[in-house]
Amino acid sequence: QYIVLSHEDDKLIIYEKGPPLFIFNFHPSKSFENYKVGTMWKSDHILLLDTDAEELGGHGRLTSAYANRYVPQASPWHDRPNSLSLYLPSRSAMVLLPTENITDEM
């Protein structure tokens with residue numbers, strides 16, 4: 001487990017637990033566009049869980065993310081060798097999985 005970021009003012013917690021990247025935005029009113037997040041993995045990331053999904057009672061602000069992949073840049077950030085630019089809606093969490101870690105058993 002690696003805590004990528006814990007930011008009190010932005011109310012963000014981002015960590016890796018094995019391959020998945022967990023991102024929590026606890027801010028009551030502030031969403032973040034193009035928020036740069038460090039990642040260990042160089043392959044595209046897919047969205048596994050989005051607590052803002054409408055079927056979970058959310059606002060559906062990440063619906064387009066299910067059809068797209070998050071492409072990391074080879075630009076170190078938060079002591080990780082790669083980085084992603086993400087939209088982080090307020091009061092939500094998401095789990096991303098690097099495609100290089102997808103197996104037939106999943």
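The values are calculated or read from the model by the stated rules, or taken from the named source; none is laboratory data. Model, not experiment: these values are computed from the prediction. Backbone-built Cβ (ideal geometry, glycine too); neighbour counts: all protein chains shown. Accessible surface areas use protein heavy atoms only, side chains included; no ligands, DNA or RNA. Shrake-Rupley method; radii C 1.70, N 1.55, O 1.52, S 1.80 Å.
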Any pair with Cβ under 6 angstrom, 6 or more apart, that starts in the range 23-50 at a residue that is closer than 17 Å to T99 by Cβ and ends at one that is charged (D, E, K, R) and surrounded by fewer than 16 Cβ atoms within 10 Å (Cβ to Cβ): S43/E100; D44/R69; I46/R69
Residues of the range 12-21 classified as crowded, with 18+ Cβ neighbours inside 10 Å and hydroxyl-bearing (S, T, Y), total: 0
Which numbered condition S6 fails, given (1) of a type in the set (S, T, N, Q); (2) in a loop (DSSP other than H, G, I, E, B); (3) more than 22 Å from I102 (Cα to Cα): (2)
Members of the range 22-76 found to be open to solvent by less than 30 Å² (accessible area, probe 1.4 Å) and part of a strand (DSSP E or B), listed by number: I23, N25, F32, V37, G38, T39, H45, L47, D50
Single unsatisfied condition, V95 versus (1) out of contact with any Pro (no Cβ under 6 Å at 6 or more places or on another chain); (2) aliphatic (A, V, I, L, M); (3) surrounded by fewer than 18 Cβ atoms within 10 Å (Cβ to Cβ): (1)
Neighbours by Cβ (under 8 Å, 6+ apart or cross-chain): first from the range 77-106, farther than 18 Å from F24 by Cα and among the β-branched types (V, I, T); second open to solvent by less than 70 Å² (accessible area, probe 1.4 Å) and in a loop (DSSP other than H, G, I, E, B): T99/S43; T99/D44
